[in-house]
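Undergrad: Before anything else, here's the structure in question.
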Amino acid sequence: MNDVTLEAGDRAAALAEVKAMLRLVSVEEDALIAALAETALGLAEQFIGQALIAREMRDVLPVSAAWQRLAYAPVRSIGAVAAVDFTVVGGAALASEAYAIDIDAAGDGWVRVIDAGGAGRVAVTFVAGLADGWGAIPTPIRQGAVLLAAHLFTERDAASAVPAAVTALWRPFRRMALGLRVRAC
């Protein structure tokens, strides 16, 4: 899984924004608030269908000569493509002529395997993300994550609905996957 884990500087910035929203000055619950900020950022990624902070990711795909889309976008770079089987977690890297890669104008990463050497699946390592860090995330997305983290903190003992403003802030950035993860050659 490609969970959101903020680096120290981004974690501190997220913590500061959520604490400002909550009007908190004590440090007693900083770890909880930072964890809630990461959770909110992960939920934002799921809602908008994009990785927010650039990081290395891994996607495992079935071997296919057809182009297959990587699970996360926007893709910045595609690195290793390795053959994997059902008994091995890692795998041997494929030679560059054994596969083809592409990143389209929408930021989707694509891979097709020409020769997997008998493997049934490939693991693709790539970097995806909309921003380089917390401060570079578009303000509405970041504000929605702050609002959600603050809500999760204040309502942790209740089952109240998430504020509608959260999804209203995120909706303009939402990417919908309307088709399969395969494209025509």
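The values are calculated or read from the model by the stated rules, or taken from the named source; none is laboratory data. The shown structure was predicted, so the numbers you read here are calculated from the model rather than taken from an experiment. Note that we place each Cβ from the backbone using ideal geometry, even for glycine, and neighbour counts take in every protein chain shown.
Undergrad: Does Ala51 fit the bill of being in contact with a strand residue (DSSP E or B) (Cβ under 9 Å, 6 or more places away or on another chain), crowded, with 20+ Cβ neighbours inside 10 Å and in contact (Cβ under 8 Å) with a residue 12 or more places away in the chain?
TA: Considered against the rule, which asks whether it is in contact with a strand residue (DSSP E or B) (Cβ under 9 Å, 6 or more places away or on another chain), crowded, with 20+ Cβ neighbours inside 10 Å and in contact (Cβ under 8 Å) with a residue 12 or more places away in the chain, Ala51 comes out as yes.
Undergrad: Among the residues of segment 103-146, what is the count of those that are buried (at least 20 other Cβ atoms within 10 Å of the Cβ) and under 14 Å from Leu41 (Cα atoms)?
TA: The total comes to 9.
Undergrad: Take the residues of segment 1-55 that are assigned to a loop (DSSP other than H, G, I, E, B) and of a type in the set (Val, Ile, Thr): which is nearest to the chain's Cα centre (by Cα)?
TA: Val4
Undergrad: Based on what the data block shows, is Glu17 under 18 Å from Ala150 (Cα atoms) and without any contact (Cβ under 8 Å) to a residue 40 or more places away in the chain?
TA: Numbers: under 18 Å from Ala150 (Cα atoms): yes; without any contact (Cβ under 8 Å) to a residue 40 or more places away in the chain: no.
Taking the combined requirement at face value, the residue does not satisfy it.
Undergrad: Give all pairs with beta carbons closer than 6 Å in which a residue from segment 167-185 that is under 19 Å from Asp108 (Cβ atoms) meets a residue that is polar (S, T, N, Q) and at pLDDT 95 or above; count only pairs at least 6 apart in sequence or on separate chains.
TA: From residues that are under 19 Å from Asp108 (Cβ atoms), the pairs are Arg181/Gln68; Val182/Gln68.
Per-residue answers, yes or no, for (1) outside the structural domain of Thr167 (by TED's automatic domain parsing); (2) in a strand (DSSP E or B):
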{"position": "Arg112", "(1), (2)": "yes, yes"}
{"position": "Gly117", "(1), (2)": "yes, no"}
{"position": "Ala123", "(1), (2)": "yes, yes"}
{"position": "Gly135", "(1), (2)": "no, no"}
{"position": "Arg142", "(1), (2)": "no, no"}
{"position": "Val146", "(1), (2)": "no, no"}
{"position": "Ala149", "(1), (2)": "no, no"}
{"position": "Leu152", "(1), (2)": "no, no"}
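Residues checked against (1) at pLDDT 95 or above; (2) assigned by TED's automatic domain parsing to the domain that holds Ala106; (3) under 17 Å from the mean Cα position of the chain (by Cα); (4) among the aliphatic types (A, V, I, L, M):
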residue: Pro138; (1), (2), (3), (4): yes, no, yes, no
residue: Ala158; (1), (2), (3), (4): no, no, no, yes
residue: Ala161; (1), (2), (3), (4): no, no, no, yes
residue: Val166; (1), (2), (3), (4): yes, no, no, yes
residue: Leu178; (1), (2), (3), (4): no, no, no, yes
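Undergrad: Let me spell it out: the conditions are (1) surrounded by fewer than 16 Cβ atoms within 10 Å (Cβ to Cβ); (2) not assigned by TED's automatic domain parsing to the domain that holds Thr139, and Ala20 meets all of them except one. Which number is the exception?
TA: Of (1) surrounded by fewer than 16 Cβ atoms within 10 Å (Cβ to Cβ); (2) not assigned by TED's automatic domain parsing to the domain that holds Thr139, only one is false for Ala20: (2).
Undergrad: Right, another one. Scanning for something over 18 Å from the mean Cα position of the chain (by Cα), under 18 Å from Ala145 (Cα atoms), among the hydrophobic types (A, V, I, L, M, F, W, C) and surrounded by 15 or more Cβ atoms within 10 Å (Cβ to Cβ), does segment 65-85 turn up at least one residue?
TA: no
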